[in-house]
Amino acid sequence: MTILKHKEPCKFCPFNRHSVKGYLGASTPSEFLMTTQREYPMPCHIGIDYELPDWESQLPDAAHCAGSLIFLKNSCTLPVDKSLREMMEQVDTDNNIFTWGKEFLDHHNRLK
């Protein structure tokens, strides 16, 4: 079983309804959301130093983004990937985390 390193989203989690709008690194809101929906690895962004030229070397040890897992759970999405599904089963739904992709996109596309 894949053990989740943390089960609560960090205070800066982009999946939080109260997050800073547009705080997604170099990704567009659509790209960021697509990463989660296509079940690509989603590290907690505060656990990766993206300023390093070899930042990708940190991915194997990085904690998975709890907010992305809660987002999947809130939207009743059952991942195909077994390890992702096991991690998602370790988190609870949370009203502070977006439920639908449209909510996420609307939030992060409105920079006012």
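Values quoted throughout were computed directly from the atomic coordinates according to the rules given, and no laboratory measurement underlies them. All values reported here derive from a predicted model rather than from experimental measurement. Here the Cβ is made from the backbone with ideal geometry for all residues, glycine too, and neighbour counts use every protein chain on show.
Here are the numbers:
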| item | result |
| --- | --- |
| Rounded, prolate or oblate (a/c below 1.5 giving rounded, otherwise prolate when a/b exceeds b/c) for the stretch 1-65 by Cα gyration tensor | rounded |
| Stretchable slack from residue 46 to residue 92, in nm (0.36 nm times residue separation minus alpha-carbon distance) | 14.5 nm |
| Burial ranking of peptide ranges 29-41, 68-80 (average Cβ count within 10 Å, highest at the top) | 68-80, 29-41 |
| The chain, relative contact order [Cα under 8 Å, separation at least 6], % | 39 |
| Test item: Cα-centred dipole of the chain, Lys/Arg +1 and Asp/Glu -1 on Cβ, debye | 480 |
| Where GluC sites (Glu not before Pro) fall in DSSP loop in the stretch 51-95, at most 16 other Cβ within 10 Å | 51, 89 |
| For the chain, average projected area of the Cα convex hull in nm² | 6.7 |
| Residues 18, 45 arranged by fewest to most Cβ contacts within 10 Å | 18, 45 |
